[in-house]
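Please treat every number below as a calculation from the coordinates, not as lab data. Please read all numbers here as calculations on a predicted model, not as lab measurements. We place every Cβ from the backbone using ideal geometry, glycine too, and count neighbours over all the protein chains shown.
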């Protein structure tokens, strides 16, 4: 049996997150972060947006997007810290910060999405 | 000589007990600036920070929408603040860079066999891009039309 | 094209000095001369004390890898005329300890290569009387690219992770493991998985991709590694979800 290491699982999460974030995040940033605030295009009216957000399918999809993208970012950033700054000796701290952060934000995402009225 | 070396190592700094001392060169802290390929690599890796920021922004957006129209309008106003806007523009650039590099490199990990022969990488890349266009179109339809 | 070109060669003589120094030599520059020809000229006519490795001088033995103007290259395949009027800086291969001048210590690579078991592993050897192993051209194409590796270690020199991470097995060794994993005659994937899937084995790789860029034989070790990450990760998932069927 291969030595039980978390690395392969973390890499799978990273890969899944990479696919999801590559497919969906660009357009979401463009619309939610730039186009809607600036009023380009006819931004959806509030009722339409709210109806989409509260739909159970959307909530599940959004949760998936958030969790996977967060773990993707956490995994990549962890290796950037190891290799870019060469601070591997702090690896427990780095892991805690990266994956811990991803877990905390995922929990917040879960709460927010569950609590949509 | 080897006895003298063993008993007085300080007098032979160029030698260990068994062979001349090898020169070990450590990578510099700024190794990632040494080649264009490394700079491009680190830029791609830094996109991870912006992905994390966007998820936070998305969650704030969802929270604002959950709290009613007034709170949503307030959130949009906050997003117009130059700092937030610039951050989101930069995020957009990094995230697009991530998407392009990801779709170009993904075929290396996934070798799909059809009829005994692997599909060429260009086919897998093209289907990735097609999926990207489809996903983008779906989100636009959902949010703007629907 | 100039007649003569300056070569700036790194010297390291442990019995005389504790660090590196650079020595300049002027060598003739003809359009068919490679960097190795320049080094041989230096050794034959100018300075017999220069130490470096070379053998086949035609790009198949993998001995003459050095850093030329910052890039890992096989000196027998790199033409002096590529560098215009020069100077041409020749340094030992990066990421390896230097024994002397341009000669590097490759013991780490040799140990890691053996660790991945780059040979045919079978549960049962087929006796000679039963004939040869048969393989279709498609089966050959699966691993042929990875079998082209000449162990020149330019990929190790280009890989920043290998320089930073002592436990990382490295591009060539993983590509060679894949050469056997993907060979239809081999049955050793599970054995190699144990070695490669260890924490630092392959997981240190962040797909910088420089190893593939510098490979003189177009082996594409980066592709081999990413492909193996998927295989190893799925195998790990399977053994987690169905522990008994994995063994």
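Using a 10 Å cut-off around each Cβ of peptide C:100-108, what is the average number of partner chain Cβ atoms that fall inside?
Values: counts 3, 0, 0, 1, 2, 4, 0, 0, 0.
Average per residue, whole number: 1.
How much FRET efficiency would the formula 1/(1 + (r/R0)^6) give for residue A:89 and residue C:194, where r is the Cβ-Cβ distance and R0 is 22 Å, rounded to 0.05? If you can, show how the numbers build up before the last one.
Working: r = 27 Å, r/R0 = 1.22.
FRET efficiency, residue A:89 to residue C:194: 0.25.
Treat the count of other C-beta atoms within 10 Å as a stand-in for reagent exposure and order A:9, C:153 from fewest to most. Don't skip to the answer; put the middle values down first.
Values: A:9 13, C:153 25.
Placing the least packed residue first, the sequence is A:9, C:153.
Considering every residue in B:85-92, what mean count of other chain Cβ atoms within 10 Å of its Cβ is obtained? Before the final figure, lay out each step's value.
Working: counts 4, 0, 1, 6, 4, 1, 5, 8.
Going residue by residue through B:85-92 and averaging, the value is 4.
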What ranking do C:51, A:21 get, fewest neighbouring Cβ atoms within 10 angstrom at the top?
C:51, A:21
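Return the FRET efficiency for the residue pair residue A:60, residue C:218: r is the Cβ-Cβ distance, R0 is 45 Å, and the value is rounded to the nearest 0.05. Write down the numbers at each step before the final one.
On the way: r = 45 Å, r/R0 = 1.00.
FRET efficiency, residue A:60 to residue C:218: 0.50.
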With each label point set 7 Å from Cα along the Cα-Cβ vector, what nm distance links residue C:79 and residue B:142?
5.6 nm
Using square roots of five times the C-alpha gyration tensor eigenvalues, list the equivalent-ellipsoid semi-axes of the protein assembly as shown in whole Å, biggest first.
49, 29, 23
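By per-residue mean of other Cβ atoms within 10 Å, what is the highest-first order of A:58-67, B:130-139?
Numbers: A:58-67: 18.0, B:130-139: 14.1.
So the peptides A:58-67, B:130-139, ranked by packing, come out A:58-67, B:130-139.
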What whole-number distance in Å separates the alpha-carbon centres of the stretch B:15-84 and the stretch A:6-68?
19 Å
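Shape call for the stretch B:72-146 from the C-alpha gyration tensor, a ≥ b ≥ c root eigenvalues: rounded (a/c under 1.5), prolate (a/b greater than b/c) or oblate?
On the way: a/c = 5.39, a/b = 2.20, b/c = 2.45.
Note, shape of the stretch B:72-146 comes out oblate.
From the square roots a ≥ b ≥ c of the eigenvalues of the alpha-carbon gyration tensor of the stretch C:107-246, which class results: rounded (a/c under 1.5), prolate (a/b over b/c), or oblate? Spell out each step's value before the answer.
On the way: a/c = 1.86, a/b = 1.26, b/c = 1.48.
Verdict is oblate for the stretch C:107-246.
Any chance you could run the full-extension gain for residue C:234 through residue C:20? It's 0.36 nm times the residue separation minus the Cα-Cα distance, nm to one decimal.
Details: separation 214, 0.36 × 214 = 77.04 nm, distance 4.66 nm.
Length gained between residue C:234 and residue C:20: 72.4 nm.
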Helix C:221-241 against the longest principal axis of chain C: what's the angle in degrees, Cα atoms only, rounded to the nearest 10?
30 degrees
Each label sits 7 Å from Cα toward the beta-carbon; between residue A:51 and residue B:78 the label points are separated, in nm, by 2.7 nm
Treat each spin label as a single point 7 Å out from the Cα along the C-beta direction, and report the residue B:135 to residue A:38 distance in nm.
2.3 nm
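Would you work out the relative contact order for the stretch C:1-90, in percent, from Cα pairs under 8 angstrom that are 6 or more residues apart? Before the final figure, lay out the partial values.
Working: 152 pairs, mean separation 31.4, N = 90.
Relative contact order, the stretch C:1-90: 35 percent.
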Can you give the log10 of the normalised intensity I(q)/I(0) at q = 0.11, 0.12 Å⁻¹, computed with Debye over equal Cα scatterers of chain C?
-0.67, -0.76
Length released on extending from residue B:69 to residue B:122, taking residue separation times 0.36 nm less the Cα-Cα span
14.5 nm
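Take every residue in peptide C:85-95, count the Cβ atoms of other chains within 10 Å of its Cβ, and give the average of those counts. Please list the in-between numbers first.
Values: counts 0, 0, 0, 0, 0, 0, 1, 2, 0, 4, 2.
Average neighbour count from other chains, rounded to a whole number: 1.
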For a bin width of 5 Å, list the pair-distance distribution of the stretch C:4-104 built from all Cα-Cα distances, rounded to whole %.
2, 14, 26, 27, 20, 8, 2, 0
With a/c under 1.5 counting as rounded, go ahead and sort chain B into rounded, prolate or oblate using the C-alpha gyration tensor (a ≥ b ≥ c being the square roots of the eigenvalues; past the cut-off, prolate if a/b is larger than b/c, else oblate).
oblate
Please report C:3, C:186 as a ranked list, fewest other C-beta atoms within 10 angstrom at the top and most at the bottom.
C:3, C:186
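Largest first and in whole Å, give the semi-axes of the stretch A:10-114's equivalent ellipsoid, each being the square root of 5 times a Cα gyration tensor eigenvalue.
Details: eigenvalues 193, 51, 27 Å².
Rounded to whole Å, the semi-axes are 31, 16, 12.
Starting from 0.36 nm per residue, how many nanometres of slack lie between residue C:241 and residue C:135 once their C-alpha separation is accounted for? Let's see the in-between values first.
Numbers: separation 106, 0.36 × 106 = 38.16 nm, distance 3.38 nm.
Gain in length upon complete extension: 34.8 nm.
As an exercise, use a Förster radius of 35 Å and the Cβ-Cβ distance of residue C:61 and residue C:3 to find the FRET efficiency, rounded to the nearest 0.05.
Working: r = 30 Å, r/R0 = 0.87.
That gives a FRET efficiency of 0.70.
Helix-derived [θ] at 222 nm for the protein assembly as shown: sum -39500 (n - 2.57) over DSSP H runs of at least 4, divide by residue count, nearest 500? Numbers along the way, then the final one.
Numbers: 19 runs with 263 residues, N = 510.
Taking each H run of at least 4 residues, the total per residue is -16500 deg cm²/dmol.
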Rounding to the nearest 10 and keeping the result within 0 to 90°, find how far the Cα-based axis of helix B:121-140 lies from the longest principal axis of chain B.
40 degrees
When ranked by the protection proxy of mean other Cβ atoms within 10 Å per residue, highest first, what sequence do the peptides A:95-102, C:11-18 form?
A:95-102, C:11-18
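Could you order peptides C:187-195, C:160-168 by the average number of other Cβ atoms within 10 Å of their residues, highest first?
Details: C:187-195: 17.1, C:160-168: 19.0.
For the peptides C:187-195, C:160-168, the packing ranking is C:160-168, C:187-195.
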